[in-house]
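No lab work stands behind these numbers, since they all come straight from the coordinates. Note that this is a predicted model, so its numbers are computed, not measured. So basically every Cβ, Gly included, is an ideal-geometry build from the backbone, and we count neighbours across all protein chains shown.
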Amino acid sequence: MALTQRLQLRQSQALVMTPQLMQAIKLLQLSNLDLAAYVDAELERNPLLDRGSEGEAAPAEAADTQARNEAGAADDWEPSSSETAAAQDGQPQAAFDNGTGDDTEPTRPRAAELPAGYSEWAGIGSGGRDGGDYNLEAFVSAEATLADWLREQLMLAVADPARRMIGQYLIDLVDETGYLTGDLEAAADKLGTGVAEIEAVLAVLQKFDPPGVFARDLAECLAIQIKERDRFDPAMAALVAHLDLVARRDFAGLKKICGVGDEDLADMVAELRKLNPKPGLAFGTAPVQPIVPDVFVRPAPNGAWLVELNSDTLPKVLVNQSYYAEVSATARRDAEKSYLAERLQSATWLVRALDQRARTILKVSNEIVRQQDAFFARGVQHLRPLNLKTVAEAIGIHESTVSRVTANKYMATSRGIFELKYFFTSAIAAAHGGEAHSAEAVRHRIKQLIDAESADDVLSDDTIVDRLRDAGVDIARRTVAKYREAMRIPSSVQRRREKQVAASP
């Protein structure tokens, strides 16, 4: 066998993910809060990035030719063919349908509208304020924690230094919900005292505010609160001791154990439900962060739907070309020039990635509104089955891009605020060969049927299946049971017991 040398040409495909493309993909799936944190970190890391001021004119068109030339021709925004085949996430979107038939797109500032020395723009509106604005949160007093509140009461209620030390140790064992964790015997061994002394101090601490604090389990927590209301009679004590029967709604068994009638049992259960099972959460809890929508949908005068991005969630970032020119003119060493070129390239790519993210979100949102127009007009019962592939094929991007865009993004409509993923639901076949039904719409119908039932006509899962099939929905009984349990709706037996107790005089 002879050994020979030859030249051969071969074609092959390979996954090529440039750092810029990876950055664009990463930004797509970030929520508006995560995006703001990411941009803030980039502003601190890159001296060539500046946050745009709030009062600047709205952007109108791209003005990035100068920055692109200075960043280098090799860093052009258009991905290579292998990158396009690998991810489909770097494709720039050209135009959008805003629901009115007009092709519009997020705009960026003309060169004449930019402040002097700036060459790039990111964002459709003002997403930030000047650093000179007052931070109102700096003037807000710190919220008192549960431990601080308990220590203040301990200083007033207990005078003995030894018992104060025991109380302080028990306060440290209280979790954020107000329950006492740890074993009293272990606490007695560590503090060098008896269990009886620990229990005596604990009895004092259990009278602290909020009622129910320092309980070791749910039954003790509820019992403490009932004693605070002076309602802990033998019947109520028996009810608290059998919370498992309350959870199963076994009212017949509870009446026998407590020795009360239907009316008294209903009053006792109603009083039990008014209690707080986690009293400690009233102190030192983190403030609830409201959902800030990324997209607004409003009805247009011509009957269509207007889709626009929330400019407050879009960061406004500019590339400071004046500062770059000033610093680069004084740079002498190759390391300094390389650093400046790298920072300029990074800043330029961040601006373009932010603009690309905004364009893609708007494009996907427009298609969702087009596909689910019946939902916006008539409600959840008219929600259509929809998957990621349908939207991806309609707007010409990859399915994974749609998945990233719809993650942690919210749309504000006249019917409320919904996550973009809410509009993607599986299909349930029609009973007579008609158009398939959305799973979310079917769940809504099940809830409507159960809400409309009376105490004398409680619907079983089989009855719900029959009524849905009469309405044209081909669904199995186990699917109805799964949807009902997902909505935390009890079974027909439990619902019948509740309605009978509620209807009893």
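Over segment 281-391, what is the relative contact order in whole percent, taking alpha-carbon pairs under 8 Å and six or more residues apart? Don't jump to the answer; show the numbers that get you there.
Details: 60 pairs, mean separation 21.5, N = 111.
After rounding, I find 19 percent.
Find how much the distance from residue 151 to residue 491 grows on full extension, using 0.36 nm per residue of separation minus their present alpha carbon separation; answer in nm with one decimal.
Numbers: separation 340, 0.36 × 340 = 122.40 nm, distance 4.57 nm.
The span from residue 151 to residue 491 would gain 117.8 nm if fully extended.
Modelled this way, with points 7 Å down the Cα-to-C-beta line, the labels at residue 3 and residue 278 are 7.3 nm from one another. For segment 146-282, the fraction of C-alpha pairs more than 25 angstrom apart is 34%. Projected over every direction and averaged, the convex hull enclosing the alpha-carbon atoms of segment 203-343 yields 21.5 nm².
Going by C-beta contacts inside 10 Å, put 221, 258 in order with the fewest on the left. Spell out each step's value before the answer.
Details: 221 27, 258 21.
Lowest count first: 258, 221.
Of the trypsin sites (Lys or Arg not before Pro) in segment 164-244, the ones in a loop by DSSP (not H, G, I, E or B) with at most 14 other beta carbons within 10 Å are 207, 229, 231.
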